Amino acid sequence: MFYREAGQFKTTYAADSALFPILQDKIGIVLILFVAFILVPLTASDFAIDSILTPILVFSLAAIGLNLLTGYTGLLSLGTGGFMGVGAYACYKLATFFPGINIVVLIICSGFFAAAAGILFGLPSLRIKGFYLSVATLASQFFLSWCFIRIPWLYNYNVSASIEVPTRTLFGVPVTGPTATPATRYIVVLAIVSIMTWLASNLIRGRIGRTWMAVRDMDIAAELIGIKLYQTKLLAFAVSSFYCGVAGAMLVFLWLGNAESESFNINQSFLILFMVIIGGLGSLLGSFLGAALIWGLPIVLRTVPGFFNLSIKAATVEHITFMTLGALIILFLIAEPNGLARLWQIGKQKLRVWPFPY
Amino acid sequence: MHLLYQIFIDPFVQMGTAPDLFVQTLWEGLVTGVLYSLIALGFVLIFKASGVFNFAQGIMVVFAALALVGFYEHGVPAYLALGLTIVLMLILAFAVERLILRPLVNQAEIILFMATFGLTYFLIGFGELIFGGDPKVMISGALGLPSGSYQIKTLGGFVQMQKIDIAAAIIASLMVASLGIFFQKTRIGRALRAVADSHRAALSVGISLEQIWVIVWFAAGIVALATGIMWGARSNVSFALEIIALKALPVLILGGFTSIPGAIVGGIIIGLGEKIGEFYWGPLFGSGIEDWLAYVIALVFLLFRPQGLFGERIIERI
Amino acid sequence: MRAPSGPEIAVGDVLLSVENVSLSFGGVKAVTDVSFDIRKGEIRAIIGPNGAGKTSMLNVINGFYHPQQGRITFKGKARGHMRPYDAAYGGIARTFQNVALFRGMTALDNVMTGRSLKMRRGFLWQLLRHGPALAEEVEHRHRVEEIIDFLKIQDIRRVPVGRLPYGLQKRVELGRALAMEPELLLLDEPMAGMNIEEKEDMSRFILDVNDYYGTTIALIEHDMGVVMDLSDRVVVLDHGIKIADGTPDDVKKDQAVIDAYLGVAH
């Protein structure tokens, strides 16, 4: 009932640096996981799962990936869509070559291909910084987009130039392809996202996370205290792209069922970047909040006028979505550069001292 | 072997055997390059004076062109529409200064950079909402711009030059020249250069930052409008041009962020490289390489000369 | 932390020597043909008027600038072209004239970052943060907490350093350098912009570090009183040239030094 930490004393440094140091938070996360894993699949409609929850989770993972690179290591990337695409196409080719191997394993493996691409396109970060680097990542975005269109081998020479997901099962239940139910796919996505979020939180709380943040805050000083910049930056690129790659593979295999190069173009990169900015640079929780807000925004804009019996053209909704998105980005950068995650923290702090704030 | 031949020998043989086509390609590259230069010029203006890397410059080009055609379509005479669009760009400059730059003053450059992403998206949504999302035809006829082309018989073939392209090249040169004079000779120009060097020092000698910002954003808006008209005359006006507008970024990398000559030379190098690459090497890779060739040229260049063609080497201090 | 060693009054061996180092940027000479040495266990001051090349000298010592001429020998080994992290691995730590902390991180994390190069557990353990990785983290946290206690910054552990006042930032920065357990600690104007009490505190910390951990210290400082009280030997630079080298008392009497500081009629 009351959000208090009084009386909870930490007696070890391990407990002090735990992910959820406060008992109430521990209860909270268990509750959230219970709802997400059990209640939602049992009660939510297919529509709610397939057009709201699954995509939010998929985009959250991509946003976490970008956040590790941009929010934690300070390297601004505009190539997220491309790296997601590498994951998706790699997964498709793997599924073609190794039909016998479990699809979840393949989805994870495809992350390694994205990581390799990330390292390759991250190499310029050793010489250049800031805007220059973001232009370099733009190069990777356009190059990869071009590959997805011009190399027919990637989509098995389909006439439609798109990838169609084959049906694969896990424990006898179909998890990909047309026969898999939204709920099953949702649970697989949720499991992957939960585990990978936990792993990311481990990374950023330890040595690697600190070296990333050190490079972000002041790379010269970081080098002078013994941090190797090239290792640190390339590792950030690799891990970030791994996350994006897995997200891309999930986007195709566990959500859309098929995809074209369009799904991985520059606009996708921007959308993920906006999720990170609005959610909060340098916050894992923010990645989820940002994904939810940006994915939810057009849905809200589409449905709200319906309540008032107004009919607005689909194109108009799209235009308004763009405007709102742009305005939100600017608004957040001005008012709360640390994004929704910071607002959440402030809320928690208020709760801690409620009802006597002084 | 054959592939090596195709990559390293054959294109040059083609250039030699059909020189008229080569010249035609050079011309195309040059014209594209001039347009890239113009977009880059807008970037450089804003970056010099406010330290903002304005990602939205490309969108401002499309926005200005769209507004011009949009006004005309609503029955406004062409030259009045031009005037109205200029006023619109002034309003935009004021709005940007008041709503984005002023609240974000003293923030990290990267924050301002990201804010211009927001501006980009806002302008796309706003432009399409007001003027519609369908591609439009530029009103070059009504504005009195030349159409048609010259056929020049040379080198055993024909080289075709669109009159509008020639006009674009002339207008671009005039614009650069007048900007140069403006920067060097006028009081505001001197203030601009002072602000570019150091915001705080400029403030301390009584230069109004707000005023300077409005002026440069307005100047960049005018440059954007001119670019938009030229570009629109060559193809349709729609936000699909956004992708092409982003090509100004590699141009900047080549030329340096603060150098107007750099923007011009960089634009022409990128334009030429891209068209020649596409025409002679593109078929080998299944065409469309001009989508990314510019970036790769810039990237390779960046690895060897991080400060750009005309930029100065920066000594890191701590 | 190394075991506390007794006060070393006797002059130790040469830890680092700078021989005929020249450094220029373009045509501007920052340092010209400077030679001096730093002996183990001493506090060595580098002084000189503004623009004398003191900070450039520190930057050369820890590998951030590469001199055009000259040689640097550290622990008996001459160093060629090296990156700053090589210096860090070799045992040289550094604080900066304008505090160079990681502003977005807490004081605790800043000091922990100093331990990075001592931590061994690889990526996969870091991912899991269990077993050896957690044990390592906790072990280093113990060391860091000792430093935090030593510098009396317990209460600001969790504060992002960007929000701390200047004096405390300097202290956290010293903590980060100490966390590296350096053999040679370079302090670039550790007391710049401090009031008298803060200066006294900082002087105390510097002496304690030298005393308690036996760390050799080279420092740049403008406050002559502080320099004369703290340092064992002083080297004086002016316009990139060494004009004096010796004990504080010798240097104080040196005519060239007096001229450099007070100006001389030409």
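Among the listed residues B:157, B:133, which satisfies the condition of being in contact with a His (Cβ under 8 Å, 6 or more places away or on another chain) and in contact (Cβ under 8 Å) with a residue 60 or more places away in the chain? Spell out how you get there, then give the answer.
Numbers: B:157 fails: in contact with a His (Cβ under 8 Å, 6 or more places away or on another chain).
The conditions single out B:133.
Give the residue, chosen from A:161, A:180, A:90, that is part of a loop (DSSP other than H, G, I, E, B), more than 14 Å from chain B (Cβ to nearest Cβ) and within 15 Å of residue A:252 (Cα to Cα). Working first, answer last.
Details: A:161 fails: more than 14 Å from chain B (Cβ to nearest Cβ); A:90 fails: part of a loop (DSSP other than H, G, I, E, B).
After applying the criteria, what remains is A:180.
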*Which residues, counting only those in the stretch A:116-131, are at the interface with chain B (Cβ under 7 Å from one of its Cβ atoms) and either crowded, with 23+ Cβ neighbours inside 10 Å or on the phi > 0 side of the Ramachandran plot (or both)?*
A:130
*How many residues does the stretch C:99-121 hold that are at the interface with another protein chain (Cβ under 8 Å from one of its Cβ atoms) and without any contact (Cβ under 8 Å) to a residue 24 or more places away in the chain?*
4
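Being within 14 Å of chain B (Cβ to nearest Cβ), under 12 Å from the mean Cα position of the chain (by Cα) and in a helix (DSSP H, G or I), is that true of even one residue in the stretch A:279-292?
Our first condition is that a residue be within 14 Å of chain B (Cβ to nearest Cβ); within the stretch A:279-292, this holds for A:279-282, A:290.
Checking the rest, the ones that are also under 12 Å from the mean Cα position of the chain (by Cα) come to A:279, A:290.
Next cut, in a helix (DSSP H, G or I) only: A:279, A:290.
The answer is yes; a qualifying residue exists.
Residue check: is residue A:76 surrounded by 14 or more Cβ atoms within 10 Å (Cβ to Cβ) and either part of a helix (DSSP H, G or I) or at pLDDT 85 or above (or both)? Write out each step before concluding.
Numbers: surrounded by 14 or more Cβ atoms within 10 Å (Cβ to Cβ): yes; either part of a helix (DSSP H, G or I) or at pLDDT 85 or above (or both): yes.
So residue A:76 passes the test.
Mind listing just one residue for me: the one in the stretch B:73-129 that is of a type in the set (Phe, Trp, Tyr) and over 20 Å from the mean Cα position of the chain (by Cα) and, of those, surrounded by the fewest Cβ atoms within 10 Å (Cβ to Cβ)? Step through it out loud before you land on a result.
The initial filter retains those residues of the stretch B:73-129 that are of a type in the set (Phe, Trp, Tyr), namely B:79, B:94, B:113, B:117, B:121-122, B:126.
Subset that is over 20 Å from the mean Cα position of the chain (by Cα): B:79, B:94, B:126.
Values: B:79: 12, B:94: 15, B:126: 18.
In this case the residue turns out to be B:79.
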*In the stretch C:229-247, which residues are surrounded by fewer than 17 Cβ atoms within 10 Å (Cβ to Cβ), of a type outside the set (Asp, Glu) and in contact (Cβ under 8 Å) with a residue 24 or more places away in the chain?*
C:239
*Check the stretch A:237-258 and report whether any residue there is without any contact (Cβ under 8 Å) to a residue 12 or more places away in the chain, within 14 Å of chain C (Cβ to nearest Cβ), of a type outside the set (Asp, Glu) and buried (at least 22 other Cβ atoms within 10 Å of the Cβ).*
no
*Return the total of residues in the stretch B:101-114 being in contact (Cβ under 8 Å) with a residue 60 or more places away in the chain and either at the interface with another protein chain (Cβ under 7 Å from one of its Cβ atoms) or touching a Pro at 6+ places or on another chain (Cβ under 9 Å) (or both).*
1
*Have a look at C:174, C:128 and point out the one that is within 13 Å of chain A (Cβ to nearest Cβ), modelled with pLDDT under 90 and out of contact with any Gly (no Cβ under 6 Å at 6 or more places or on another chain).*
C:128
*Within the stretch A:197-232, can you find the residues that are at pLDDT 90 or above and of a type in the set (Asp, Glu)?*
A:217
*Pairs only if they're at least six apart or on different chains, beta carbon under 7 angstrom, first in the stretch C:154-166 and exposed (fewer than 15 other Cβ atoms within 10 Å of the Cβ), second part of a helix (DSSP H, G or I); list them, first residue then second.*
C:154/C:148; C:158/C:108
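Can you tell me which of A:191, A:200 is of a type in the set (Gly, Ala, Ser) and within 15 Å of residue A:287 (Cβ to Cβ)?
Working: A:191 fails: within 15 Å of residue A:287 (Cβ to Cβ).
Going through A:191, A:200 in turn, the sole match is A:200.
Can you find, within the stretch B:130-156, the residue that is farthest from the other protein chains (Cβ to nearest Cβ) among those that are in a strand (DSSP E or B) and exposed (fewer than 15 other Cβ atoms within 10 Å of the Cβ)? Please lay out each step first, then the result.
So the first thing to find is which residues in the stretch B:130-156 are in a strand (DSSP E or B), and the list is B:136, B:149-154.
Now narrow it down to the ones that are exposed (fewer than 15 other Cβ atoms within 10 Å of the Cβ): B:149-151, B:153-154.
Numbers: B:149: 31, B:150: 34, B:151: 34, B:153: 37, B:154: 34 Å.
Here the residue is B:153.
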*asked:* Looking at (1) touching a residue at least 24 places away in the same chain (Cβ under 8 Å); (2) among the polar types (S, T, N, Q); (3) more than 14 Å from every other protein chain (Cβ to nearest Cβ); (4) farther than 22 Å from residue B:121 by Cβ, which one does residue B:236 not meet, given that it meets all the others?
replied: (4)
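The values are calculated or read from the model by the stated rules, or taken from the named source; none is laboratory data. Predicted model only: the values in this text are computed from it and were never measured. All Cβ positions, glycine included, derive from the backbone under ideal geometry; neighbour counts span all protein chains shown.
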